[in-house]
Amino acid sequence: KENIFRRIRVNLKEETRDGDKNICIITDLPKKVANARKIAELYRDRWTIETAFQKLESYLNSEINTLGYPRAALFGFCVALVSYMIFSVIEAALASVHGSEKIEREVSTYYIADEISGTYRGMMIAIDEEEWKVFREMELSVFIFLLKQMARKVRLSDYKKHPRGPKKSRPKRERCKSKPHVATYRLIAKRKK
């Protein structure tokens, strides 16, 4: 049986970072299974997951190349997932106090992850294990209140994003304008013949 594919165009409210105003999704799902709107919603959810995996890999080192053994790599990935959950709780606490738009627009996830990893090492050295039991036994509502209290004291300016400016266009060629670029590999291959 031949598969029939559909192309769904989604017009975006905001341009992508590459300046795209719409995206196209190719699917083999029949219309009776999922209409265009449903597919667009599923795709948006997928990108939320993709973004989480990108943060895991970039900021929490979930893909460590030297872990050649599958069990070690799986363990490393699981540690990164738990770290991401902690990271998400911190972001949520900050967003509940300072507003989610402000956190998303101004706060660098890289700097937050860096702060977590650096502070964690120091806290594990300086604070005895017994001192952490209070958090394990704390009621959820009290824990949420405590997180919000701490989030109010965070100086967001310490974790400010430094957005990349627009890409600079390549400078125009000054020499050999009439001749196309020739790869060194091609020149060497020509000489060998």
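Given T119, S58, A151, which one lies farthest toward the positive end of the charge dipole of the chain, if we put +1 on the Cβ of every Lys and Arg and -1 on the Cβ of every Asp and Glu?
Of the listed residues, the answer is S58.
Compute, for V79, the solvent-accessible surface of its heavy atoms (probe 1.4 Å) with the complete set of protein chains present, and express it in square angstrom to the nearest 10.
Here the accessible area works out near 70 Å².
Please quote Rg/Rh for the chain to two decimal places, taking the Kirkwood radius as Rh and restricting both calculations to Cα atoms.
Here the Rg-to-Rh quotient is 1.11.
How much accessible surface does Y111 have with a 1.4 Å probe, in Å² rounded to 10?
80 Å²
Would you check the accessible area of I144, probe 1.4 Å, heavy atoms only, in square angstrom rounded to 10?
Approximately 70 Å² of I144 is accessible to the 1.4 Å probe.
Sort out for me the Cα centre separation of region 133-193 from region 5-48, rounded to whole Å.
Their Cα centres are 26 Å away from one another.
Quick check: with the 1.4 Å probe, what order do E50, E174, E131 take by accessible area, largest first?
E174, E131, E50
Where does the chain land at 222 nm, in deg cm²/dmol rounded to the nearest 500, when only DSSP H runs of n ≥ 4 count, each adding -39500 (n - 2.57), divided by all residues?
-18000 deg cm²/dmol
If DNA, RNA and ligands are ignored and the probe is 1.4 Å, what is the ranking of K31, K168 by accessible area, most exposed first?
K168, K31
In Å², what does the accessible area per residue of region 129-193 work out to with a 1.4 Å probe?
With the other protein chains kept in place, region 129-193 gives 110 Å² per residue.
With charges set only on the Cβ (+1 for Lys and Arg, -1 for Asp and Glu), what does the dipole of region 40-193 come to about its Cα centre, in debye to the nearest 20?
2480 debye
Going by accessible area, probe 1.4 Å, with all protein chains left in place, what is the ranking of M85, M124, M138, largest first?
M85, M124, M138
Subtract the Cα-Cα distance of A72 and E115 from 0.36 nm times their separation in residues, and report this length gain in nm to one decimal.
12.9 nm
Report ³J(HN,Hα) in whole Hz for each residue of region 177-182, in order, from the Karplus equation J = 6.51 cos²θ - 1.76 cosθ + 1.60 where θ = phi - 60°; Gly and Pro get x.
With coefficients 6.51, -1.76 and 1.60, one gets 5, 7, 9, x, 5, 10 Hz.
How much of the accessible area of region 41-193, in percent, comes from carbon and sulfur atoms when a 1.4 Å probe is used?
Here it works out to 57 percent.
Karplus couplings for region 29-35 from phi (6.51 cos²θ - 1.76 cosθ + 1.60, θ = phi - 60°), rounded to Hz, Gly and Pro as x?
6, x, 4, 5, 7, 8, 7
I need the helices of the chain that pass two filters: whole DSSP H segments spanning 27 Å or more by Cα along the axis, and mean Kyte-Doolittle score no lower than 0.5.
Those that clear 27 Å and a mean of 0.5 are 70-98.
The values are calculated or read from the model by the stated rules, or taken from the named source; none is laboratory data. None of the values given here were measured: they were computed from a predicted structure. Positions of Cβ are backbone-derived with ideal geometry, glycine not excepted, and every protein chain shown enters the neighbour counts. We work out accessible area using only protein heavy atoms, side chains counted, and drop any ligands, DNA or RNA first. Shrake-Rupley method; radii C 1.70, N 1.55, O 1.52, S 1.80 Å.
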